[in-house]
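Taken together, the values in this text are just the output of simple stated rules run on the coordinates, not laboratory data. Values in this document were obtained by computation on a predicted structure and should not be read as measured data. Glycine gets a Cβ as well: all are built from the backbone with ideal geometry, and neighbour counts include every protein chain shown.
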Amino acid sequence: MADRIIKGQHATARTFLRFPLSLCPFVQSHIRGGRKDIRCALYMSVLSAMRFNPVIHRFANRLSAKGKLHKVVSTACIRKLLTILNTMIRNKTLWQPEEILKNP
């Protein structure tokens with residue numbers, strides 16, 4: 001049965017239960033859940049923020065220095081950006097990068 005996985009042939013559900021997905025070369029992971037419009041808007045905004053926003057830029061560089069993949073870094077930056085935006089809405093404040101840079 002392991003030969004079937006290595007050759008990339010179609011496998012049954014029972015095969016997936018016996019072997020981890022990392023051993024299956026034909027399995028691709030894609031992000032499908034959530035709202036596509038919002039996900040695309042967040043991704044494009046975080047690409048810009050990773051270059052020009054000092055807080056997100058510093059955070060992305062720190063993760064990249066640890067050897068994280070670009071997709072992992074951008075997802076973490078999206079999460080950080082959402083956390084910052086939610087905090088700004090909750091506290092009814094404007095963007096204050098000095099405050100955030102003091103307390104990373």
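Select from segment 84-104 the residues that are in a helix (DSSP H, G or I) and loosely packed, with under 10 Cβ neighbours inside 10 Å and list them in ascending order. Result: Ile89, Arg90, Asn91, Glu98, Lys102.
Considering only segment 46-74, how many residues are crowded, with 16+ Cβ neighbours inside 10 Å and part of a helix (DSSP H, G or I)? Please lay out each step first, then the result.
The first filter runs over segment 46-74 and keeps only residues crowded, with 16+ Cβ neighbours inside 10 Å, leaving 46, 49-50, 53, 55-56, 59-60, 63, 73-74.
Restricting the remaining residues to those that are part of a helix (DSSP H, G or I) gives 46, 49-50, 55-56, 59-60, 63, 73-74.
Number satisfying all stated conditions: 10.
Remark: pairs (first residue in segment 72-87, within 17 Å of Asn61 (Cβ to Cβ); second residue assigned to a helix (DSSP H, G or I) and of a type in the set (Phe, Trp, Tyr); Cβ separation under 8 Å; 6+ apart in sequence or on different chains) = Ser74/Tyr43; Ala76/Phe59; Cys77/Phe59; Ile78/Tyr43; Lys80/Phe59.
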